[in-house]
Amino acid sequence: MYAFLLLAVPCLLLFFLRSPLAKGSYWLAFCLGFFPALAWCIIDEFFIFTAYRFVPVFSRIYIHTLIKDIVLPTVLLCGPYFLISRREKSDRAFALLVVLAAFYMTYLPYGVITGEERFSFFRLLVKPVLICSHIVLLPLCCVGLCRSIKVQKKPLAAAFAVGMLVFPALPPLAESLWFLAYPASAWIATVAVMLAAAVLLSIFICERGSKTLDKSI
């Protein structure tokens, strides 16, 4: 029942670690994502006794989900890593994928299994797809932004910058629409956009990005 939930993020991470974007070891990035997630799950399970009560108001559910599931992990983990790492910028941006994957491989199953509607189709199958898409899109947009700036392609850099702002906002949108029982077509469309964008951007960055954006890589 929980196989896809448990294996989706680790398999995604292994796939990208074998891609042309991976260069060398990413143990620091992995540890920076994995151990904070493990610590948070332990603290939440044993020391936090008041669960958040969802109010059936779209804006409140959306903001809570956005901050808890997306903004905090991204800002608190990816931000410091990008600032302290000495890797080349595009490789540093790719390492954010490792940071996020290491975090969500623990945080995502814990959040689903201990949360409401844990046996639902959305929680078990759709949410992992959304999180995997987020894990791919944010770092690869960052990779594309770094490469575009390096070769002075301002329109492309602007497009990647917009993607870094827009794509992280979509998983909480889909989950909020589902939780409030909006028409299925609304959240399915959001999931489809995320998944399609993740696949297309992966192909572009991994196979064509090295030729079109940065000939030195």
Inset, instruction - Quick one: what are the phi-derived ³J(HN,Hα) couplings along the stretch 25-33, Karplus 6.51/-1.76/1.60 with θ = phi - 60°, whole Hz, x for glycine and proline? - result: 8, 10, 5, 4, 4, 5, 5, 5, x
Legend entry - Whole-Hz ³J(HN,Hα) from phi, Karplus 6.51 cos²θ - 1.76 cosθ + 1.60, for the stretch 3-17, glycine and proline x: 4, 5, 4, 7, 9, 4, 5, x, 5, 4, 4, 4, 4, 6, 5
Inset, instruction - State the percentage of accessible surface on the stretch 14-140 attributable to carbon and sulfur atoms; use a 1.4 Å probe and exclude ligands, DNA and RNA. - result: 71 percent
Inset, instruction - Give a quick list of chymotrypsin sites (Phe, Trp or Tyr not before Pro) in the stretch 26-78 that DSSP marks as loop, anything other than H, G, I, E or B, with at most 16 other Cβ atoms within 10 Å. - result: Phe47, Phe49, Tyr52, Phe54
Inset, instruction - List, in the order given, every pair from Lys89/Lys154; Lys68/Lys89; Lys68/Lys127; Lys23/Lys89; Lys89/Lys153 whose Cα-Cα distance in the structure shown is over 20 Å. - result: Lys68/Lys89
Inset, instruction - Please work out the Cα convex hull volume for the chain and give it in Å³ per residue. - result: 120 Å³
Legend entry - Taking N as its residue count, the alpha carbon Rg of the stretch 1-113 over 2.2 N^0.38 Å: 1.17
Inset, instruction - Note the angle between two axes, namely the Cα long axis of helix 154-166 and the longest principal axis of the Cα atoms of the chain, as a number of degrees from 0 to 90, rounded to the nearest 10. - result: 20 degrees
Inset, instruction - Considering only Ile205, Ile135, Ile84, give the residue with the highest GNM mean-square fluctuation for the chain, with springs between Cα atoms whenever their separation is below 10 Å. - result: Ile84
Inset, instruction - Grab the Cα-Cα distance for Val55 and Ala161, subtract it from 0.36 nm times how many residues apart they are, and report the gain in nm with one decimal. - result: 34.9 nm
Legend entry - Helix-only mean residue ellipticity at 222 nm for the chain, each DSSP H run of n ≥ 4 adding -39500 (n - 2.57), per residue, nearest 500: -21500 deg cm²/dmol
Legend entry - Förster radius 30 Å - calculated FRET efficiency between Phe47 and Cys11 (Cβ-Cβ, nearest 0.05): 0.40
Legend entry - the stretch 88-147, accessible area per residue, ligands and nucleic acids excluded (1.4 Å, Å²): 26 Å²
Inset, instruction - Might you report the magnitude of the Cβ-based charge dipole of the stretch 44-127 about its Cα centre, with Lys and Arg at +1 and Asp and Glu at -1, to the nearest 20 debye? - result: 200 debye
Legend entry - FRET E, pair Leu83, Gln152, Förster distance 30 Å, beta-carbon r, rounded to 0.05: 0.80
Inset, instruction - Quote to one decimal, in nm, the extra length available between Phe35 and Phe204 on full extension: 0.36 nm per residue of separation minus the C-alpha distance between them. - result: 57.7 nm
Inset, instruction - Taking the dipole about the Cα centre of the chain, with the C-beta of Lys and Arg at +1 and of Asp and Glu at -1, give me whichever of Ala3, Pro168, Trp40 is farthest to the positive side. - result: Pro168
Legend entry - the stretch 85-97 - phi-based ³J(HN,Hα) in whole Hz, Karplus 6.51/-1.76/1.60, Gly and Pro as x: 5, 9, 5, 4, 4, 5, 6, 4, 5, 5, 4, 4, 4
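The values are calculated or read from the model by the stated rules, or taken from the named source; none is laboratory data. Quick caveat: nothing in here was measured; it's all calculated off a predicted structure. Here Cβ is always computed from backbone atoms with ideal geometry, including for glycine, and neighbour counts include all displayed protein chains. Accessible surface areas use protein heavy atoms only, side chains included; no ligands, DNA or RNA. Shrake-Rupley method; radii C 1.70, N 1.55, O 1.52, S 1.80 Å.
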